[in-house]
């Protein structure tokens, strides 16, 4: 039998929405945060670059990567 605490954590992870503002000040809801963060870490790990996702554009720099890291830590 599963512990209720594990179920609570699972449900929390299912319902958490990550919304980011893009370069055009539009809200983008990240559907799969782990995939998004993994892509940023793999392809935009250093310096500054622009990332396009579903027609939304983001400047990826140290501040953006740090914000993603802090959002990831909020899940724990």
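A short reminder: the numbers here are calculations on the coordinates, not readings from a lab. No experiment lies behind these values; they were computed from the predicted model shown. Backbone-built Cβ (ideal geometry, glycine too); neighbour counts: all protein chains shown.
Rank the residues 23, 71 as a footprinting-exposure proxy: fewest other Cβ atoms within 10 Å of their Cβ go first. Mind dumping the intermediate values first?
Details: 23 11, 71 15.
Listing 23, 71 from fewest to most nearby Cβ atoms yields 23, 71.
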Projected label distance in nm at residue 49 and residue 69, using a 7 Å step from Cα toward the beta-carbon
1.8 nm
